[in-house]
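Let me begin by presenting the structure, written as structure tokens, before commenting on it.
The values are calculated or read from the model by the stated rules, or taken from the named source; none is laboratory data. These numbers come from a predicted model, not from an experiment. Backbone-built Cβ (ideal geometry, glycine too); neighbour counts: all protein chains shown.
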Amino acid sequence: MSTSQAAQAESRSGAHQAATAPLELLSLRGIVKRFPGVLALAGVDFDLRRGEIHALVGENGAGKSTLMKIIAGMIQPDEGVIRLDGQVRRFQHVLEAQEAGIAFIHQELCLAPHLSVAENIFLAREPMRGPFVDRTRLNADARVLLERLRVDLSPGAPVKSLSVAQQQMVEIAKALSLNARVLIMDEPTSSLTESEIDQLFLNIRALRAQGVGIVYISHRLGELQRVVDRVTVFRDGKHVRTSDFAAITLDEIIGAMVGRTLDQKFPRRTSRPTDERILEVQGLTREGVFKDVSFDLRRGEILGFAGLMGAGRTEVARAIFGADPTSSGTVRLFGQKVHIRSPHDAIRHGIAYLSEDRKGHGLALEMQLSANVTMANVDAVTGRLGFLRFADEVAAAEKYVKALDIKTPSIFQIVKNLSGGNQQKVVIAKWLFRDSRLLFFDEPTRGIDVGAKLAIYQMLDRFAAQGIGVVLITSELPEVLGMTDRVVVFHEGRVTGVLETGRSSQEEIIQFAAGRKTVAA
Amino acid sequence: MTMNEKRRDLIQKFAALGSLSVLITVFALTSHAFFTTTNALTVALQVCTIAYLGLGMTVVIITAGIDLSVGSVLALGGTMAAVLIKGGMPVWAGMLVGLLLGCLAGLLNGLLVAQLRLPPFIATLGMMGVARGVILQITGGRAIAGMNQDFGVLGNGALFKRVTIGADGYPDIKFVGIPYPVIVMAVLAVVMSVVLSRTRFGRHVYATGSNHEAARLSGVNVYRITLSAYVVSGFFAGLTGIVLMSRLVTGQPNEGISYELDAIAAAVIGGASLTQGGIGTISGTIIGAFVIGILRNGLNMNGVSAFVQQIIIGVVILLTVWIDQLRGKRATRVRVFDEQKQVEHSDPPAVPSTDPVR
């Protein structure tokens, strides 16, 4: 009771406090959080100033999300002090934090898709006229918020018709409608295109100018320089350093994150392309999705798929894998023409497809880690009469937990309870356990920390060297440049070019991806 | 580590097991006839119907489906068997046809769900009407009475039955024996449990229910798995039908109405989830079936009216599932050992958070 009263009192006195309040909007001291068997936060400090964008970075398991959950009132710290505007606060509940002006924009957006933009912004707080919702005011209020964000969105548009980036804006508008002064953004750019990211940065800079403090969590270190004022690095539940962004280099940040200096973000490529063709795709078409896609993949080569979101990269891979139908075109595997009608067929032909959507398409979240590892190859742990050989399964799971450094208390852990990066490693383990001849890896490093990324890159190179065909589908151009030999660039369902990566550049790939340049295939 | 998992599995059944032991204790105290071997066997016999249907239902529920048609399909299978046997077919052959009819109905359910992509609730609701209508039409709604006693052996026979002729010339039953239906239940429960937990098929069933798309992309033949789940459920419905009709020594086309709800309740009490596939166990369902059976039996013995029984059973279902959910929520929270955001969506913000770690 008393806390919520305090919150109200505070929001009333918020305006005049701003003049006299200390520089620190939010200040955390000595925060400790223990989970069974794990010390998630070992007494960390964190400060957020008014009108700053403060990046919080660290590897998976460094404690970033735990700290943010504490700020947002989702969990309570075991020790430590939280000050908001200089006052000690303890949020027992999300709603209390919300009332105090703290908003958390999650990586996975949670909006009601069938309701309009305005209805989502004011969900459960609709302006009323008598027993009815006052639609005019609802839309007008929403318009004001959207203008404040400098977003061009109609308040009446249904949310399901919006792009992910636009939906994110709706979430931010919702936070603003709650008078959010602290905005926590968890991987906000992970599913945005380049131009959408530009727009997002414009929007959050506008919020910064209005005095909102923004905590920005991201694994994409490259984009920090475009927007961040300060950066704090966490490692293993400890605060490593906080610095003005201008006073620190990217290499120093990475060094602080991993506790050592990574000489290279990408491993030296050892495999060399040969003339032998693993995969030849001719004129592959899926009506209304992609058209006349042709490319080939040579032995020893890592082939990139680049392009904007929705350009058809994932769709082409899924079609070759038999997950979606095709209308026409031919696919040759090791010179043999193949007709693949289902993922089951594809897997029998030795093709693996690691989906970009690990929760939706990659994992059985309610099942154990071990069962997920063997899911694509249960046959390998099945004995006579269809009985499972559990000893073999345990051995396989243990092998990959070790090889990929999956952090889990047990191979029997329910996958739902693993962190995102570790879940991704489980999906990778699933496809490694299936000896494949051709791998499609769709955004394999999304949401994964630097060290694990390097391990995955090394793995890809090793596969290519072993003669396994590797297709790397990625939205990150540095990854294309650092890892692939050639890159197929997609634009609106068509291949605009197949480029030699070594002779290309980030700028050129963007030109092709935007459809401004094409090479007749 | 395996021990850990086993313990968790046990705790998972705690809610159901707990209510089961509470029930047994209460009834043992309130009724002296309750805690006897004879009554235990009676209960087991009564539970058979729910248990058979529950075994199939569990498989379907794990695939994230539901089978509302089993009550009707059991009437179809059992009564058709009676009709054919009465018409001169050997008992074994008639019963086999009854089983196959159950499988056929299940196959149709499976095709409606997997091929036509109908929601399982709707597909099996349709089959519920069709199967019932077919058997009522065939029999004209009349029971098939005057069956040969051979037809009754499966339902009424018992193993190790010991009868002596007393001094007064009347038979004196030393031991009522283990009824055949109970033996069948025990054997099939073990078989199904092994199939689900220790075979490739079982693994694929769980994978399909847990994440249909992930299973498909992993090469699991989700079409065939879905089809098989409904065939298994149909098979158990057919079996229930012939055992039930055999016990009555009559083909009864009106038998089995609303039995599907008992089966669903048993699975749910045993921990299966109707909102999320991939969750459920055979042992849980058997416990659930016994909870319902013992409740009915014990309340009967205490002279509780049938109407009040319905109320109590309803409340018990609600309580068990509620306790189970509380426990599930807590367990999820405790196991969040990592920093990430995987578990949030299972914690609706409206629920006041009780942090187990403090």
Consider A:A403 against the criteria (1) of a type outside the set (D, E, K, R); (2) in contact with a strand residue (DSSP E or B) (Cβ under 7 Å, 6 or more places away or on another chain); (3) more than 9 Å from every other protein chain (Cβ to nearest Cβ): it satisfies all of them except one. Which criterion is unmet?
(2)
Pairs returned, first residue in segment A:202-227 that is under 16 Å from A:S190 (Cβ atoms), second residue that is assigned to a helix (DSSP H, G or I) and among the basic types (K, R), beta-carbon separation under 8 angstrom, 6 or more apart or interchain, are A:I217/A:K64; A:V227/A:R205
Across (1) surrounded by fewer than 21 Cβ atoms within 10 Å (Cβ to Cβ); (2) part of a loop (DSSP other than H, G, I, E, B), A:I448 clears everything bar (1)
Matching residues, segment A:469-502, being crowded, with 21+ Cβ neighbours inside 10 Å and among the aliphatic types (A, V, I, L, M):
A:V470, A:V471, A:L472, A:I473, A:V480, A:M483, A:V487, A:V488, A:V489, A:V495, A:L499
Criterion: within 24 Å of A:S65 (Cβ to Cβ) and either modelled with pLDDT of 85 or more or of a type in the set (K, R) (or both) - qualifying residue of A:V164, A:V170, A:V159
A:V170
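Which of the helices (runs of 4 or more DSSP H) found entirely inside segment B:17-124 contain at least 1 residues meeting this: more than 19 Å from B:A263 (Cβ to Cβ), modelled with pLDDT under 95 and within 19 Å of the chain's Cα centre (by Cα)?
Where helices (runs of 4 or more DSSP H) fall fully within segment B:17-124 and carry at least 1 residues being more than 19 Å from B:A263 (Cβ to Cβ), modelled with pLDDT under 95 and within 19 Å of the chain's Cα centre (by Cα), they are B:37-62.
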Tell me the residue from A:F433, A:F387 that is within 13 Å of another protein chain (Cβ to nearest Cβ) and within 25 Å of A:A319 (Cβ to Cβ), please.
A:F433
Give the residues of segment A:91-126 that are loosely packed, with under 14 Cβ neighbours inside 10 Å and either more than 24 Å from the chain's Cα centre (by Cα) or among the basic types (K, R) (or both), sorted by residue number.
A:H114, A:L123, A:A124, A:R125
Contact list, first residue from segment B:173-199 and within 13 Å of chain A (Cβ to nearest Cβ), second anywhere and part of a helix (DSSP H, G or I) and surrounded by fewer than 20 Cβ atoms within 10 Å (Cβ to Cβ), beta-carbon distance below 6 Å, six or more apart or interchain, is B:T199/A:G386
Do we have any residue at all in segment A:31-38 that's out of contact with any Ser or Thr (no Cβ under 7 Å at 6 or more places or on another chain), at pLDDT 85 or above and surrounded by fewer than 17 Cβ atoms within 10 Å (Cβ to Cβ)?
yes
Tally time: how many residues in segment B:140-167 are over 27 Å from the mean Cα position of the chain (by Cα), surrounded by 12 or more Cβ atoms within 10 Å (Cβ to Cβ) and among the β-branched types (V, I, T)?
1
Report whether or not A:R348 is more than 9 Å from chain B (Cβ to nearest Cβ) and modelled with pLDDT of 90 or more.
no
Please list, ordered by residue number, the helices (runs of 4 or more DSSP H) wholly in segment B:129-245 having 1 or more residues that are acidic (D, E) and over 28 Å from B:L41 (Cβ atoms).
B:212-217
Return a yes/no flag: does segment A:422-442 have any residue that is part of a loop (DSSP other than H, G, I, E, B) and free of Cβ contacts under 8 Å to residues at least 60 places away in the same chain.
no
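Take segment A:193-238 and flag every residue that is more than 20 Å from A:M169 (Cβ to Cβ) and buried (at least 21 other Cβ atoms within 10 Å of the Cβ). Show your work before the answer.
Quick first cut of segment A:193-238, residues more than 20 Å from A:M169 (Cβ to Cβ) only: A:219, A:221-222, A:224-225, A:229-238.
Across segment A:193-238, the qualifying residues are A:H219, A:V231, A:T232, A:V233, A:F234, A:G237.
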In segment A:67-89, the residues that are in contact (Cβ under 8 Å) with a residue 60 or more places away in the chain and more than 27 Å from A:Q210 (Cβ to Cβ):
none
If only one of A:A397, A:A380 is surrounded by 16 or more Cβ atoms within 10 Å (Cβ to Cβ) and either assigned to a helix (DSSP H, G or I) or more than 7 Å from chain B (Cβ to nearest Cβ) (or both), which one is it?
A:A397
Top-ranked residue in segment A:355-377 [being more than 9 Å from every other protein chain (Cβ to nearest Cβ) and touching a residue at least 60 places away in the same chain (Cβ under 8 Å); ranked as farthest from the chain's Cα centre (by Cα)]
A:V373
Right, A:T408: away from chain B (no Cβ under 11 Å), among the β-branched types (V, I, T) and assigned to a loop (DSSP other than H, G, I, E, B) or not?
no
What's the total number of residues in segment A:78-90 that are more than 10 Å from chain B (Cβ to nearest Cβ) and either assigned to a loop (DSSP other than H, G, I, E, B) or surrounded by 15 or more Cβ atoms within 10 Å (Cβ to Cβ) (or both)?
8
Odd one out for A:F512, checked against (1) in contact with a helix residue (DSSP H, G or I) (Cβ under 7 Å, 6 or more places away or on another chain); (2) surrounded by 21 or more Cβ atoms within 10 Å (Cβ to Cβ)
(1)
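So, in segment A:400-421, how many residues would count as being of a type in the set (S, T, N, Q), at pLDDT 85 or above and buried (at least 18 other Cβ atoms within 10 Å of the Cβ)?
Here the count works out to 2.
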Kindly establish whether B:G280 is more than 9 Å from chain A (Cβ to nearest Cβ), modelled with pLDDT under 90 and closer than 28 Å to B:V232 by Cα.
no
Can you find even one residue in segment B:268-276 that is more than 27 Å from A:M367 (Cβ to Cβ) and either modelled with pLDDT of 90 or more or part of a loop (DSSP other than H, G, I, E, B) (or both)?
no
